[in-house]
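Below you'll find the structure, written out as structure tokens, and then a few comments.
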Amino acid sequence: MQAAVFVGAFTALLWVIEIVDVASGSRLERNGIEPRSLDGLWGILFAPVLHDDWQHLIANTVPIAVLGFLVLLSGMARGLAAIGIIWVVGGFGTWLTAGAGNTIGASILVFGFIAYLLVRGFFTRKLGQLAIGVVVFVLYGSALWGVLPSDPNISWQGHLFGAVGGVIAARMLSADARAERARAKALDRPTP
């Protein structure tokens, strides 16, 4: 229930921000990631909640809602930690590598969520998480082509580093499951 409420509120926030942005003459969206500039570092905080136009927001809305819910489903603390890691790694990687211009959009989070959900089960070796990874791959796997340069108006760097952030989050947040597996394995070993 908490996951649904949080994701619903975050998605609604994205729409409210876009309404304010449109009403302000697109002033808010200027606060995205400006690569390799000190002022552009602030964009890491704001870029995932800003969108270029309604189509951009609409394209991100369903993936943010569905994938965000799945990320939070394994626990709010772990899910929020994953979102934080993806947000920072995706934003900072984009800041370091993107070409000139302003990078905005929740797709940093979308690609991070996809990668997180795809690999989390490999790190935890939990059947339910592996099953979610398979479903995510079937539904969103083709989106991963977006980590490659294709359209000069789309920040593939945001997609790529969002996905990198997702893998890092899955690895970091599965440490307890890996440690538990190692303890169990050690207990199963015969004594010499």
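Side notes on the structure shown:
- The chain - percent relative contact order, Cα under 8 Å, separation 6 or more: 23 percent
- Within the listed set ALA115, ALA65, ALA106, the residue fluctuating most in the Gaussian network model of the chain (springs between alpha-carbon atoms under 10 angstrom) is ALA65.
- Treating r as the C-beta distance of ALA131 and THR97 and R0 as 25 Å, the FRET efficiency rounds to 0.15.
- Surface analysis of the chain yields an accessible area of 54 Å² per residue, using protein heavy atoms and a 1.4 Å probe.
- All other residues whose Cβ lies under 15 angstrom from that of LEU70 are scored, Lys and Arg at +1 and Asp and Glu at -1, for a net of +3.
- Note on the chain: helix-only mean residue ellipticity at 222 nm, from DSSP H runs of 4+ residues weighted -39500 (n - 2.57) and normalised by residue number, equals -22500 deg cm²/dmol.
- For SER74, the amide hydrogen comes within under 5 Å of no other amide hydrogen, counting only partners 5 or more places away or on other chains and with H modelled in the peptide plane.
- Highest-fluctuation residue, ILE132, ILE85, ILE19 considered, GNM on the chain with Cα pairs under 10 Å: ILE19
- Anisotropy class of segment 91-130 from Cα gyration tensor, a/c 1.5 cut: prolate
- Of ALA98, ALA170, ALA12, the one that fluctuates the most in a GNM where the chain has Cα springs shorter than 10 Å: ALA12
- Shape analysis of segment 1-111 yields a ratio of the Cα radius of gyration to the Kirkwood radius, Rg/Rh, of 0.97.
- Which labelled figure in [x] 0.94; [y] 1.04; [z] 0.97 is Rg/Rh (Cα atoms, Kirkwood Rh), once derived from the coordinates: [y]
- Using only the C-alpha atoms, the convex hull of segment 69-143 corresponds to 98 Å³ per residue.
- Carbon + sulfur, % of accessible area of segment 1-127 - ligands and nucleic acids excluded, 1.4 Å: 71 percent
- Taking label positions 7 Å along the Cα-Cβ direction at both VAL138 and VAL62, the computed distance is 1.6 nm, reported to one decimal.
The values are calculated or read from the model by the stated rules, or taken from the named source; none is laboratory data. Here the structure is a predicted model, which means the values were calculated and not measured. Backbone-built Cβ (ideal geometry, glycine too); neighbour counts: all protein chains shown. Each accessible area value is taken on the protein alone, full model and side chains, heavy atoms only, with ligands, DNA and RNA left out. Shrake-Rupley method; radii C 1.70, N 1.55, O 1.52, S 1.80 Å.
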